[in-house]
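Visitor: Shown below is the structure under consideration.
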Amino acid sequence: MRKLSVWRIDKFAKTVGEAVLSSTLSSFAVPLNSEVEDFIRKKALQATKLKSSISYLVIDEDLADVVGYFALLVKPFTIQAASLSSKNRRLIARFAEENTEAGDYTASVYLIAQIGKNYAIEEPLQISGGDLLNMAMNSASRFASALVMSAVSTNLRDSLMKSVYFVFSASSAATCSPTGTFAGSRPCKAPAIAFE
């Protein structure tokens, strides 16, 4: 079975050194999207250090190479109350803050800001887009779960869990997890994944 590990780019840089990281990423190729390629090569580490987004490298341990990456960020999401049915208003009110003056709701959502696989690797050894997307969803759900578990108030924890459930249910029918499933998801097949 293929052994893939997911590393936060800043932790990987501390482990191998920024020069080795830069050298490794210099061959990362995304021929159909130069912005995705440019981001991982030149901007991902700095963005992670600044916490504007957090980038993760997917490393094939047998190849000792980066087969893909994704970057996550938390962003506010605003929706106009008038565009919602009363049932959806009740649902959103569980996890969003209502602004009655503006007539809208605002909540934090977890976004996959960048995602790309390394086309410089021979085609049979490339990671599939589905596996890479599942890893990005796993990382986002782990981040959200950690946020929920660190919440002090039970009410806040319940509210955040509902928010996470809604966002991930709306985003994906299934989220794979190496350690089980996340709220609202069902198990699915994915390669063995270790998170660093």
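Visitor: Scan the range 22-33 and give yes if some residue there is touching an Asp or Glu at 6+ places or on another chain (Cβ under 7 Å), at pLDDT 95 or above and assigned to a helix (DSSP H, G or I), otherwise no.
Guide: no
Visitor: Going through the range 1-44 one residue at a time, which ones are surrounded by 19 or more Cβ atoms within 10 Å (Cβ to Cβ), more than 12 Å from F70 (Cβ to Cβ) and out of contact with any Lys or Arg (no Cβ under 8 Å at 6 or more places or on another chain)?
Guide: Within the range 1-44, L4, F12, A13, L21, E37 qualify.
Visitor: Restricting to the range 5-21, name every residue that is of a type in the set (A, V, I, L, M, F, W, C) and either touching a residue at least 24 places away in the same chain (Cβ under 8 Å) or not in a helix (DSSP H, G or I) (or both).
Guide: Once the filter is applied, which keeps residues that are of a type in the set (A, V, I, L, M, F, W, C) and either touching a residue at least 24 places away in the same chain (Cβ under 8 Å) or not in a helix (DSSP H, G or I) (or both), the range 5-21 yields V6, W7, I9, F12, A13, L21.
Visitor: Which one is farthest from F95 (Cα to Cα), of the residues in the range 48-66 that are surrounded by 19 or more Cβ atoms within 10 Å (Cβ to Cβ) and under 16 Å from the mean Cα position of the chain (by Cα)?
Guide: Top of the filtered list is I59.
Visitor: What are the pairs with Cβ atoms under 8 angstrom where one residue, in the range 103-123, is acidic (D, E) and the other, located anywhere, is at pLDDT below 95? Sequence gap at least six, or different chains.
Guide: D104/T78; D104/I79; D104/Q80; D104/A81; D104/E98
Visitor: Somewhere in the range 81-88, is a residue free of Cβ contacts under 8 Å to residues at least 60 places away in the same chain, at positive phi and hydrophobic (A, V, I, L, M, F, W, C)?
Guide: no
Visitor: Okay, moving on. For the range 45-133, which strands (runs of 3 or more DSSP E) that fit wholly inside it have 3 or more residues that are modelled with pLDDT of 90 or more and out of contact with any Lys or Arg (no Cβ under 6 Å at 6 or more places or on another chain)?
Guide: Here the list reads 54-60, 65-80, 104-117.
Visitor: Same structure again: I'd like the full set of residues that are surrounded by fewer than 18 Cβ atoms within 10 Å (Cβ to Cβ) and either without any contact (Cβ under 8 Å) to a residue 12 or more places away in the chain or closer than 30 Å to L132 by Cβ (or both), limited to the range 93-102.
Guide: Those that are surrounded by fewer than 18 Cβ atoms within 10 Å (Cβ to Cβ) and either without any contact (Cβ under 8 Å) to a residue 12 or more places away in the chain or closer than 30 Å to L132 by Cβ (or both): E97, N99, T100, E101, A102.
Visitor: Please indicate, with yes or no, whether at least one residue in the range 110-125 is in contact with a helix residue (DSSP H, G or I) (Cβ under 7 Å, 6 or more places away or on another chain), under 27 Å from M1 (Cβ atoms), surrounded by 15 or more Cβ atoms within 10 Å (Cβ to Cβ) and of a type in the set (A, V, I, L, M, F, W, C).
Guide: Within the range 110-125, one or more residues are in contact with a helix residue (DSSP H, G or I) (Cβ under 7 Å, 6 or more places away or on another chain), under 27 Å from M1 (Cβ atoms), surrounded by 15 or more Cβ atoms within 10 Å (Cβ to Cβ) and of a type in the set (A, V, I, L, M, F, W, C).
The values are calculated or read from the model by the stated rules, or taken from the named source; none is laboratory data. Note that this is a predicted model, so its numbers are computed, not measured. No Cβ is skipped: glycine too gets one built from the backbone with ideal geometry, and neighbour counts run over all protein chains shown.
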